[in-house]
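Heads up, the thing below is written out as structure tokens.
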Amino acid sequence: MSSIEGRAPLSTVDPVLHELIRREEQREADKFRLIASENYASQAVLDASGSCLTNKYSEGYAKKRYYEGQQLIDEVEELAKSRIASLFATPLLDEKSVHVNVQPYSGSPANLAVYLAFVKPGETVMGLGLPAGGHLTHGHTVSITGKFFKSVPYGVRRTDHRIDLEEVRKLALEHRPKLIWAGTTAYPRALDFAAFRSIADEVGAILAADIAHISGLVAAGLHASPVGIADVVTSTTHKTLRGPRGGMILCKPEHAAAIDRAVFPGLQGGPHNHTTAGIAVAALEATLPSFKAYAERVVNNAQVLANALLERGFSLITGGTDNHLLLIDLTPKGIGGKPYAQALDRAGIVCNYNAIPFDPRKPMDPSGIRIGTPSVSSRGMGASEMLALAGFMDEVAKDQSEATLERIALSVKELCSKFPAPGLRV
Ligand SMILES: *Cc1c(COP(=O)(O)O)cnc(C)c1O
């Protein structure tokens, strides 16, 4: 222990926790990480988010804080906001006009702020239903958003599993929602924000686009942007955008005051300044050519993997992907999503079991898995690694014996060792 209290490293102070983190680092190095919402934050993002900025209280906004000593925090937050504004500005809403709030603690609190800004308890909201690939916070019954508001979920078509915009329009005309969400968490296709806009206009609803999963693709120009189309855009900062765990809101200038008030003092106390700093770093990194190349790999890898899996007899919801994720229906493979995901995990391939639209099985034991390519793409993997991965996935679908899973886990580890991951020291 160092003679001055609090200056010794974690390894000295808490060897138990230090060892757990070291082992998690090794796990993240050795596996194919295919959870669609996960990624590898860069060392620079980790440095900023692990900094002394965690020490500072800053309730309020720049120049309007409730505590003194904000000289540098104000600069950090304004830097994060201006970088996010320039990254996400569009011809419809330029850098000077787009309002940014980087204080939400994560994606769910960002969405709650949208409700608080625009909807009163008991009023009607619409979002994509959870079983169709929507998010809990878009009005699902188990979420506060489904309990405090009247939720009218829309779905996907039975025939092609794509969002049924005709149904969205019909439901909107019938139920006159105050707020419509356009955003997904397990949907492999691009969203048509302009179509949602015209439906929202027809019924006088606020349109909120939730780009939590795809914000990195939007920043890189690989998915159409809702900025300037939707009234308000929410996102996480840690998924494809590859920043620290956090949330953010972008909106048109006329909604700036309502959004800021909803975040603070409406929902939160002091912002997490260390996270704000990490967001500033991620926004800078997202302007680099290497980020564009990463985002292109994300989409190409998803398509290569989709085709390779189709060739091996896997069934993909919607038949493929436009973005970073695939939703696989395992029915033709004769295995449930949960036992398959568990077997894959033992083989060094980490994903999540997931319900498919109109799933005949139960949510805790559904028919599908969801896989995403952000993490493998961040470590530089490309088409040939995706082909190898498809081969491993096919083997595991056929044979879940311990010997097979162990053999594949070794091959996965060997392959992964050639692709050092951002932010890891192994
Ligand atoms: C991940 C996600 C969220 C929630 O983000 P958290 O940071 O987990 O709270 C919200 N909306 C969508 C569409 C998401 O995918």
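General remarks:
- Among SER384, SER215, SER151: highest mean-square fluctuation, GNM of the chain, C-alpha pairs under 10 Å: SER384
- The charge dipole of region 296-416, taken about its Cα centre with unit charges on the Cβ atoms of Lys, Arg (+1), Asp and Glu (-1) only, comes to about 180 debye.
- The calculated FRET efficiency for the pair ALA62 and ARG176, based on their C-beta separation and a Förster distance of 45 Å, comes to about 0.75.
- Full-extension gain in nm, GLU402 to VAL426, via 0.36 nm per residue minus C-alpha separation: 6.0 nm
- Using 0.36 nm per residue and subtracting the Cα-Cα separation, the extra length available between LYS362 and ARG27 on full extension is 117.6 nm.
- If you plug the beta carbon distance of ALA195 and LYS418 into 1/(1 + (r/R0)^6) with R0 = 41 Å, you get a FRET efficiency near 0.40.
- Sites SER97 and THR141, calculated FRET efficiency, Cβ-Cβ separation with R0 56 Å, nearest 0.05: 0.90
- Per residue, the accessible area of the chain comes to 43 Å² when a 1.4 Å probe rolls over the protein heavy atoms.
- Net charge contributed by nearby residues that have their C-beta within less than 12 Å of LEU179 (K/R +1, D/E -1): +1
- Value of relative contact order over the chain, rounded to a whole percent, pairs C-alpha under 8 Å and six or more apart: 23 percent
- With every protein chain in place, the chain: carbon and sulfur % of accessible area (1.4 Å): 55 percent
- Relative contact order computed over region 296-416 (Cα-Cα under 8 Å; 6+ residues apart), in percent: 30 percent
- Applying the criteria of a DSSP loop state and at most 15 other Cβ atoms within 10 Å to the GluC sites (Glu not before Pro) of region 318-426 yields no site.
- By the Stokes-Einstein formula, at 1.002 mPa s and 20 °C, the chain with its Kirkwood radius over alpha-carbon pairs has D equal to 95 µm²/s.
The values are calculated or read from the model by the stated rules, or taken from the named source; none is laboratory data. Just so it is clear, the model here is predicted, and its values are computed rather than measured. For neighbour counting, all protein chains shown are included, and Cβ atoms are generated from backbone atoms with ideal geometry for every residue, glycine included. Surface areas here come from the heavy atoms of the whole protein model, side chains and all, with no ligands, DNA or RNA. Shrake-Rupley method; radii C 1.70, N 1.55, O 1.52, S 1.80 Å.
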